[in-house]
Amino acid sequence: MNFTMSPSEMPSLTGVHHTAFPTWRPKDTVEFYRDIMGLRIRHAISATGWGRSGGQPHPDFLHFFFEAGDASAIAFFYYVGTERRKEFTMLKGYLGLARHTAWNVETPQELEKFEKRFREAGVKVTEVVSHETLDSLYFVDPNGYNLEIACQTRPIEPVDIVDANLTLDAMIETFGNDNPQHKTMADMWRRKGELVQERFFDTV
Amino acid sequence: MPKLYILDVPEFAAIAKSLADQNISCVKRAGYFCFVSDQPIKIIRHNMIDATWFGFPIAGIEGNLVEHSDKVFRLE
């Protein structure tokens with residue numbers, strides 16, 4: 001890729017402003033995010049007539065935002081009078097679970113408090129699940145959206161960042177797009193080993 | 001000769017210790033352990049969460065991954 005912009009001119013992001021989802025359960029959605037999760041309502045708009053002048057009919061809608069910490073928000077669109085489309089909400093299996101929103105808490109105690117709160121409210125929630133550097137709680141909102149609250153269990157160190165970059169190099173070289181050569185994870189680990197060897201062990 | 005690279009981070013410390021306890025030759029550089037053996041490298045799982053057990057070869061391997069079941073890892 002040939003960019004004309006120098007590294008110092010690169011624009012930078014400052015966090016997630018919001019992610020947005022359709023809802024057909026506006027009452028349950030507000031009660032879940034505001035009353036159970038304790039998120040403050042930040043903003044709500046309503047609109048009619050969108051798209052009519054362009055020939056693309058658009059239902060009237062409300063768009064509302066809940067504060068999710070650190071200036072981020074989760075937002076919903078309620079399209080008045082439309083029928084629920086389950087293919088947009090009820091995402092199942094590992095592919096469905098892969099699409100989720102995860103929020104951060106600072107301490108394991110905060111994670112435990114959320115777990116307790118969800119159980120008291122009758123929200124289906126997992127036990128705390130430990131990953132390499134995260135403890136996570138998984139649950140589903142009234143729309144069927146997969147959600148997570150995560151607590152970092154150790155800081156991400158410079159070595160983690162170096163390693164992650166090498167892993168993605170190995171991933172791209174091994175699988176490309178759609179894995180046309182039907183490579184395996186072991187193939188990728190072998191390529192990663194070559195990259196680590198070349199970078200850190202052959203040079204001394 | 002199989003080689004197994006292990007990232008020097010807390011979640012993989014038990015793997016590195018298991019290999020060190022087997023007296024497998026090791027060099028450490030830039031946050032990576034490189035374990036080399038003229039024999040197959042075998043690790044038995046002990047008290048490890050799935051994420052750690054199934055993820056520890058992320059730093060790389062050299063050789064033939066013969067087994068990585070929920071109990072045993074074997075690299076030849």
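Since every read-out is calculated from the coordinates, none of them should be taken as a lab result. These numbers come from a predicted model, not from an experiment. A quick note on method: Cβ atoms are made from the backbone with ideal geometry, for glycine too, and the neighbour counts reach across all protein chains shown.
How long are the three semi-axes of the equivalent ellipsoid for the stretch A:15-83, computed from the Cα gyration tensor as the root of 5 times each eigenvalue, in whole Å, largest first?
On the way: eigenvalues 122, 41, 14 Å².
They are 25, 14, 8 Å, listed largest first.
Give me the distance in nm between label points sitting 7 Å out from Cα along the Cα-to-Cβ direction at residue A:124 and residue A:35, one decimal.
About 2.1 nm separates the two model spin labels.
Scaled to the compact-protein estimate 2.2 N^0.38 Å, what is the alpha-carbon radius of gyration of the stretch A:90-155, rounded to two decimal places? Please list the in-between numbers first.
Numbers: Rg = 11.8 Å, N = 66, 2.2 N^0.38 = 10.8 Å.
That works out to 1.09 for the stretch A:90-155.
Using label points projected 7 Å from each Cα along Cα→Cβ, tell me how many nm separate residue A:9 and residue A:172, to one decimal.
2.2
In the stretch A:98-204, which GluC sites (Glu not before Pro) are in a loop and have at most 14 other Cβ atoms within 10 Å, using DSSP for the loop call?
Working: sites: A:106, A:110, A:112, A:115, A:120, A:127, A:132, A:148, A:173, A:194, A:198; in loops: A:106, A:127, A:132.
Hits after loop and neighbour filter: A:106, A:127.
Using Cα pairs closer than 8 Å and at least 6 residues apart in sequence, work out the relative contact order for chain A, in percent. Could the numbers behind the result be given before it?
Numbers: 260 pairs, mean separation 31.0, N = 204.
For chain A, the relative contact order is 15 percent.
Count, for each residue of A:109-120, the Cβ atoms from other chains sitting within 10 Å of its Cβ, then give me the mean as a whole number. Kindly include the intermediate steps, with their values, before the conclusion.
Values: counts 0, 0, 0, 0, 0, 0, 0, 0, 0, 0, 0, 0.
The mean count of partner-chain Cβ atoms within 10 Å per residue comes to 0.
Within chain A, how many Lys pairs that are eight or more residues apart, or on different chains, come under 26 Å at the alpha-carbon?
Lysine pairs satisfying the spacing and distance rule in chain A number 11.
Of B:10, B:60, B:72, which is farthest along the charge dipole of the protein assembly as shown in the positive direction, counting Lys and Arg as +1 and Asp and Glu as -1 at C-beta?
B:72
Could you give the spread of the C-alpha atoms of the stretch B:3-75 along their three principal axes, from largest to smallest, in whole angstroms?
28, 26, 20
If the label point is 7 Å along Cα→Cβ of residue A:58, which residues in the stretch A:79-110 have backbone nitrogen under 20 Å from it?
Once the point is set 7 Å along Cα→Cβ of residue A:58, A:79-85 turn out to lie under 20 Å by backbone N, inside the stretch A:79-110.
Take every DSSP beta bridge with both residues inside chain A and express the antiparallel ones as a percent of the total, to the nearest 5.
Working: 23 of 34 bridges.
Roughly 70 percent of the DSSP beta bridges within chain A come out antiparallel.
Can you work out the base-10 log of I(q)/I(0) for the stretch A:158-200 at q = 0.23, 0.28, 0.29 1/Å, using the Debye formula on its C-alpha atoms alone?
Debye output, listed in q order: -0.73, -0.96, -1.00.
I'd like the mean, over residues of B:22-31, of how many other protein chain beta carbons sit within 10 Å of each residue's own Cβ.
Working: counts 0, 0, 0, 0, 0, 3, 2, 6, 10, 8.
Rounded to a whole number, the mean comes out at 3.
Counting partner chain Cβ atoms within 10 Å of every residue's Cβ in B:57-70, what's the average?
Details: counts 7, 10, 9, 14, 10, 6, 3, 2, 6, 1, 0, 3, 0, 0.
That works out to 5 on average.
Label 7 Å along Cα→Cβ of residue B:76; the stretch B:18-58 residues with amide nitrogen under 16 Å?
B:37-43
Please order B:18, A:6, A:130 by the number of other Cβ within 10 Å, starting at the fewest.
Numbers: B:18 19, A:6 7, A:130 15.
Final ranking by Cβ density, sparse to dense: A:6, A:130, B:18.
Any idea how far apart residue A:92 and residue A:194 come out in nm if each label point goes 7 Å out from Cα toward Cβ?
4.2
In the protein assembly as shown, how does Rg compare with the Kirkwood Rh, expressed as the Rg/Rh ratio over alpha carbon atoms? Don't skip to the end; give the middle numbers.
On the way: Rg = 23.8 Å, Rh = 22.5 Å.
That ratio equals 1.06.
Calculate, in nm to one decimal, what residue A:156 and residue A:16 gain on full extension: separation in residues at 0.36 nm each, minus their alpha carbon distance.
Values: separation 140, 0.36 × 140 = 50.40 nm, distance 1.94 nm.
Full extension of this stretch gives 48.5 nm more.
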